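First up is the structure itself, then whatever we jot down about it.
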Amino acid sequence: MSRLGTALRRAVNREEGVTTLFVAVAIIGLLSMASLVVDFGRIYVERRELQNGATAAALAIGEDCARNLCGAGYDETAIADDYVDRNAIDGAANPKFVNLDLGASEVTVTAATEDTSGGHILDALFGNITGFAGTEVGASAKVIWGPLGSKIATIPLIISECEWNRTDPGWPSAGSTLYNDSPLPPDGDYAIITFHDGNTTETCNANPGHDEDENGILSGGFGWLDTNGDCEALVYEGIVDADPGASPSTGCSASELQDLLFGTDNMGTIVYIPYFYDLWDVGANGQYEIADYGAFYTIGYNFGGQYKEILPGGGLTDLPCSGDERCIAGYFLNSVAPDGEIGDGTDSHGLMVFKLVG
């Protein structure tokens, strides 16, 4: 019996040892799994912060370049450094790669790990357990810019390219560097554009190069466009249908048109508009041939009947025209849009687009 008891005690001891070893191995495995979850979770969070920083930096630089601000002395790396740092929880990130290509109109920003001491490795919290000491995390973003190419939702109004070209070389000119976040110019420095009725727009009436089909149809002033039924027109590159007559487009109430031209708060707004360089046919078959797209800030208009207003504080004390005249007054602007189709050409009528592409 004593021999049997001894054998049983030995067996129990062996089982206890195996159990202890199994528990130890299981704990190590669980700790390893937990450490991987924690450390790779930190990598995910780090990459998200870096992606936010790279995107913000690329958009900021792209917008600056769309505004023609990326000339001599422009420090894109310093700007990227500021944005990637501000998007990091600890306030530190590395603008590892900033490639600004003005010729191609694009910028690429790569942000990477950086700690407050200047190191570039995201240390693993459980590296001693897993053997994973840490890694450098990175993320990139690419932004391009250029003139608006096609497809804008706009007020149902189109202005002759001739009107834009003939403005004085002052503030509202084609070469202006004023953008939509700049203050308005001194009172009186605005353009008045009259409806293409053949009487008051002779300056732009079928100038050489503006009457491509040589049909003698007026190419100056402004005209109306067909709408989608909500007083807005969707304009694509190429040809757009005209809404005949001097009155505002069919479907536009006086209040709708005022909201579009002055903003719903009646404080002024920028509208994106197409420019035309020729008019094909007349009446219900009329079509405008699109030259480009631009931006306009309206301070007053008289389209007849109840369609007449001046912008409060816009600089006008009376309507810009009277009687049977139809006119719109305001400023040609340089402006930027955060999205849209970028055109193939290099010329711009002051409206630039910048967009995230990668």
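So the values come out like this:
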item: In sequence order, calculated HN-Hα J values of the stretch 74-89 (Karplus, 6.51, -1.76, 1.60; Hz; x Gly/Pro); result: 6, 10, 5, 5, 5, 5, 4, 4, 5, 6, 5, 5, 5, 9, 9, 4
item: Under 5 Å, built H, 5+ apart or other chain: amide partners of R67; result: none
item: Karplus-derived 3J(HN,Hα), 6.51/-1.76/1.60, for each residue of the stretch 244-253, Hz, glycine and proline x; result: x, x, 7, 6, x, 3, 4, x, 9, 7
item: Under 30 Å from K308, Cα to Cα: lysines that are on another chain or at least 8 residues apart; result: K151
item: Backbone N under 13 Å from the A153 label point (7 Å along Cα→Cβ), restricted to the stretch 283-315; result: none
item: Simple spin-label estimate for V357 and N228 in nanometres, 7 Å along Cα-Cβ; result: 2.5
item: Cut-off under 5 Å, modelled amide H: who pairs with G294 long-range; result: I273, Y275
item: Peptide ranges 255-261, 227-233, 92-98 listed from the most packed, as the mean C-beta count within 10 angstrom indicates; result: 92-98, 255-261, 227-233
item: Ranking of M267, M352 by count of other Cβ atoms within 10 Å, fewest first; result: M267, M352
item: D265 versus Y236: modelled label distance in nm, points set 7 Å from Cα along the beta carbon direction; result: 3.6
item: Amide H within-cut-off set for V336, under 5 Å, with H built and near neighbours excluded; result: N180, M352
item: Reciprocal of mean inverse Cα separation for the stretch 260-358 (Kirkwood radius, Å); result: 15.7
item: Fully extended contour minus Cα-Cα distance, from R166 to D82, at 0.36 nm per residue; result: 26.0 nm
item: Phi-based couplings in Hz for the stretch 326-331 (Karplus 6.51, -1.76, 1.60; Gly and Pro marked x); result: 10, 8, 9, 10, x, 10
item: Theoretical FRET efficiency, 1/(1+(r/R0)^6), r = Cβ-Cβ of E289 and D75, R0 35 Å, to 0.05; result: 0.25
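No value in this document is a laboratory result; all are computed from the given coordinates. Bear in mind the structure is a predicted one, so any value in this text is a computation, not a measurement. We place every Cβ from the backbone using ideal geometry, glycine too, and count neighbours over all the protein chains shown.
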